[in-house]
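Report on the following structure.
None of the figures in this text is laboratory data; all of them are computed from the coordinates on show. This is a predicted model, so every value here is computed, not measured. Here the Cβ positions follow ideal geometry from the backbone for every residue, glycine too, while neighbour counts run over all protein chains shown.
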2 protein chains.
Amino acid sequence: MKHLSYLLVLTLTMLFSRPADSQPPRGPWIISPQVHQGDSITFRVSAREAQQVFLDAQFLKEKTPMVKDQNGIWTVTVGPVKPDIYPYSFWIDNTQIADPANTLIFANERFKHSLVDVHGDTPLIHSLQDVPHGKISYCYYNSGTLGRTRTLLVYTPPDFDPTGKTKYPVLYLIHGGSDTEETWTKVGRANLIADNLIAQGKAVPMIIVMPYGNVRPSPMEDFTKEVVNDIIPFIENNYPVTPDSRHRAVAGFSVGGGQTLNIGLTNTDKFAYICSYAPYTATEEFKKNFSNWNPDAGLINSRLNLFTLSVGTEDFLFESVKQNAAMFKDKGLDFQLDIVDGGHTWMNCKQYLAKTLQQIFRD
Amino acid sequence: MKHLSYLLVLTLTMLFSRPADSQPPRGPWIISPQVHQGDSITFRVSAREAQQVFLDAQFLKEKTPMVKDQNGIWTVTVGPVKPDIYPYSFWIDNTQIADPANTLIFANERFKHSLVDVHGDTPLIHSLQDVPHGKISYCYYNSGTLGRTRTLLVYTPPDFDPTGKTKYPVLYLIHGGSDTEETWTKVGRANLIADNLIAQGKAVPMIIVMPYGNVRPSPMEDFTKEVVNDIIPFIENNYPVTPDSRHRAVAGFSVGGGQTLNIGLTNTDKFAYICSYAPYTATEEFKKNFSNWNPDAGLINSRLNLFTLSVGTEDFLFESVKQNAAMFKDKGLDFQLDIVDGGHTWMNCKQYLAKTLQQIFRD
């Protein structure tokens, strides 16, 4: 930190002395990632002392070596890549780093990948389009269950009417195992998917609540209690919503998909829509609740307007989800099993959510 | 990425098999940073292959070596440290990384430091306290000046009344040179500072607008135009505010402090409060606007309720700010020069903002 002042002056000088035509909307003098016409991508990182540098990305089957120039900047161009948003990182010798030149970061409790947004020629369902936009609000609430103040994110749709004259349905949307309350917006672009589908008339205006689900020690029981006893009341006291099951949905991915099943199936009086994406269910808590479960299938089926399980054929939980589907079928539950391409990724999450948003609150 | 499934299973298994009493509210099995009673801090990072690992932190004068254990986890305990929020990173051999175990990240266009929050025994002005909380909303707006959709953050105070019955004053708050629109909340905790001061009756309920100021090629001229022509109209069309100069303030840090001077002093019909923190003014644009500036000091002084310049004695811009102060004095402008301890840091920013919030909108 002793060179901070010098570096800052250097940085500021470079910031203001760069030629206009090479300046992107964001970012420093190293441009990375640079997505080209045709959807190839150039990545760059400065590592003067390094012996070897690799690009690691979720669109690659394996790490790709980068090449060093005389300034110590390592570069690689890859692709074309199918338009989507992908996590990536660099390996500098044996150390994994996020891309210092990129503001887009994968919100996570552990290593935070950078994100590259490959737009393509046609707007995708998660693209920033010229449509009315909702807002994402970061809110604090008191969790009686956990005894502390916590944060959650609330998406309100375009032209949201806060006066109470309009009542909105609410989707409770839960992230994966090491994600945070920001992952569904920062990585999953849940807000833009909703904006686009609402603009197209394919989804109804709704509120989307994104809590932080990694509750210890009991992410099933305690988080289920928290959703029911703290989060739903907080939302219903502070937003204009219709407080009944037909205007509440719960969805989630991975660990959050397992939580979704627990929250939804043990509270069918409160949720008429349950959408579970590649659920992780190999927990003692899940087994305790569901291995000897003896549900009143007729009652549950009559209460649920929609119950979906989604998974990709390359997902490491593919077999597990099929086993869950067989179990639910065996119990007599009606559900929709959506099997798609792809793995246990946030590329798939965006597709799962886009389908859910078109299916919920239609009855 | 080929080991992703294996790693995920391993990770999920570890996540759910850890003993309850060692589990923090967030984070994986490596606990870092761990702030102890008495405000010493233990940092940990896994780097099995590394030859040397250092902790680099803004509370340290120089990098501190870490020590490796038999599992390849490097550890160091430092402090006690004065309670505050500090950026830090690790150097693994020659590569700088953020702390993979920490969710708190310094929002920035370049290397993103981790943040350690040393609470201390007494709540600080930026601490999460048991007071009513406002919200931070992430909004999209159309920038006619720049010809694209951009994002900004809007803090609304506790018990915000969106109906229009209550009108709020607005502070436009600008980040530093390589920061983003998230830096004032993620690093500067502007929302919590406002919550606490409002709860104590030391600040009036206000809206705080945090735009993204790193506009190229012309961060002074173009961003000033954007604030006046796009951002203020967006806010005033969408929030219940009083649209006159006595209910508008502008403040900012570093490059944003220079922008603050440009925005404020060239628009005293629009802003009655101008608060500039350690302004970076060594730009051609600033010189063009202010070196031969011939202001009507009487008019400006009559229009401004508050004009402040703040800087720390260890700030690398200390001399520059004093020169600016001399220039403004020479022009006949009334202003308040706040010289405090500390450097060009976000620790100082929080203090500058806390003072500003108590001074604005009091007339």
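Mean-square fluctuations from a GNM of chain B, with a 10 angstrom spring cutoff on Cα atoms, peak among B:Thr95, B:Thr156, B:Thr145 at B:Thr95. Considering all C-alpha pairs of the protein assembly as shown, those separated by over 44 Å amount to 23%. What share of the DSSP beta bridges in chain A is antiparallel, in percent to the nearest 5? Here the antiparallel bridges make up roughly 60 percent for chain A.
In region A:135-359, taking the dipole from charged Cβ atoms about the Cα centre, the farthest positive-side position among A:Thr180, A:Ser320, A:Asn305 is held by A:Asn305.
Hey, any idea what Rg/Rh is for region A:135-359, computing Rh the Kirkwood way over Cα pairs? Please list the in-between numbers first.
On the way: Rg = 16.3 Å, Rh = 17.4 Å.
Taking Rh as the inverse mean 1/r over Cα pairs, Rg/Rh reads 0.94.
Find, among the trypsin sites (Lys or Arg not before Pro) in region A:30-113, those assigned to loop by DSSP (not H, G, I, E, B) with at most 15 other beta-carbon atoms within 10 angstrom. Spell out each step's value before the answer.
Details: sites: A:Arg44, A:Arg48, A:Lys61, A:Lys63, A:Lys68, A:Arg110, A:Lys112; in loops: A:Arg48, A:Lys61, A:Lys63, A:Arg110, A:Lys112.
Sparse-neighbourhood loop trypsin sites (Lys or Arg not before Pro): A:Arg48, A:Lys61.
Backbone geometry of region B:253-259 corresponds, through the Karplus equation with coefficients 6.51, -1.76 and 1.60 at θ = phi - 60°, to 3J(HN,Hα) couplings of 10, 6, 4, x, x, x, 4 Hz, x marking Gly and Pro.
Please get the size of the charge dipole for chain A, origin at its Cα centre, with Cβ charges of +1 on Lys and Arg and -1 on Asp and Glu, quoted in debye to the nearest 20.
Details: 33 positive and 37 negative charges, 85 e Å.
The dipole magnitude comes to about 400 debye.
Can you grab the distance from the C-alpha centre of region B:303-363 to the C-alpha centre of region A:131-197, Å, no decimals? Distance between centres, Cα-based: 37 Å.
A point 7 Å from Cα along Cα→Cβ stands in for B:Thr42, and the other copies hold the same point at 4.7 nm, listed in rising order. Restricting the calculation to Cα atoms, region A:71-188 yields a radius of gyration followed by a Dmax of 18.5, 61 Å.
What does the net charge come to around A:Asp195 if you take all other residues with beta carbon closer than 12 Å to its beta carbon, with K and R at +1 and D and E at -1? Combined, the nearby Lys, Arg, Asp and Glu give +1.
The relative contact order of chain A comes to 12 percent, based on Cα pairs under 8 Å that sit 6 or more residues apart.
Helix content alone sets the calculated 222 nm mean residue ellipticity of chain B: runs of n ≥ 4 DSSP H residues at -39500 (n - 2.57) each, divided across all residues, give -7500 deg cm²/dmol.
In region B:78-128, one over the average inverse separation of all distinct C-alpha pairs is 12.3 Å, which is the Kirkwood hydrodynamic radius.
May I ask what percent, to the nearest 5, of DSSP beta bridges between residues of the protein assembly as shown are antiparallel? Roughly 60 percent of the beta bridges in the protein assembly as shown run antiparallel, per DSSP.
Global dimensions of region A:294-348 from alpha-carbon coordinates: Rg and Dmax equal 12.6, 36 Å. Each listed q (0.24 Å⁻¹) maps to a log10 I(q)/I(0) for region A:259-306 from the Debye sum over equal C-alpha point scatterers, namely -0.95. Compactness of region B:251-363 was expressed as the Cα radius of gyration divided by 2.2 N^0.38 Å, which yields 0.98.
Which whole number in µm²/s is D for region A:26-117 by Stokes-Einstein, with the Kirkwood Rh taken over Cα pairs at 10 °C and 1.306 mPa s? Let's see the in-between values first.
Details: Rh = 13.2 Å.
Using the Kirkwood radius from Cα pairs, D works out to 120 µm²/s.
Just tell me how shielded A:136-142 is by partners: mean number of partner chain Cβ atoms within 10 Å of each residue's Cβ, no decimals.
Working: counts 7, 8, 10, 5, 11, 1, 2.
Other-chain Cβ atoms within 10 Å of each residue's Cβ, averaged: 6.
Using only side-chain charges placed at the Cβ, +1 for Lys and Arg and -1 for Asp and Glu, the dipole size of region A:255-331 relative to its Cα centre rounds to 220 debye. Peptides A:265-273, A:320-328 ranked from most to least packed, by the mean per-residue count of other Cβ atoms within 10 Å: A:265-273, A:320-328.
Out of every Cα-Cα pair in region B:40-86, what percent are more than 11 Å apart?
Details: 717 of 1081 pairs.
Result for the distance tail: 66 percent.
In this assembly of identical copies, the label point of A:Asp296 (Cα plus 7 Å along Cα-to-Cβ) is separated from its counterparts by 7.9 nm, sorted shortest first. Mind checking the angle between helix B:318-330 and chain B's longest principal axis? C-alpha axes, 0 to 90 degrees, to the nearest 10. The helix B:318-330 is inclined about 10 degrees to chain B. In the elastic network of chain A, a GNM with C-alpha springs shorter than 10 Å, the most mobile of A:Pro157, A:Pro295, A:Pro240 is A:Pro295. Projecting the Cα atoms of B:Pro162, B:Ser254, B:Val215 onto the charge dipole of the protein assembly as shown (Cβ charges, centred on the Cα centre) puts B:Pro162 farthest toward the positive pole. Remark: label point of A:Asp130 defined 7 Å out from Cα along the Cα-Cβ vector; separations to the same position in other copies 5.3 nm, ascending. Largest GNM mean-square fluctuation across B:Trp91, B:Trp346, B:Trp293, computed for chain B with C-alpha springs under 10 Å, falls on B:Trp293.
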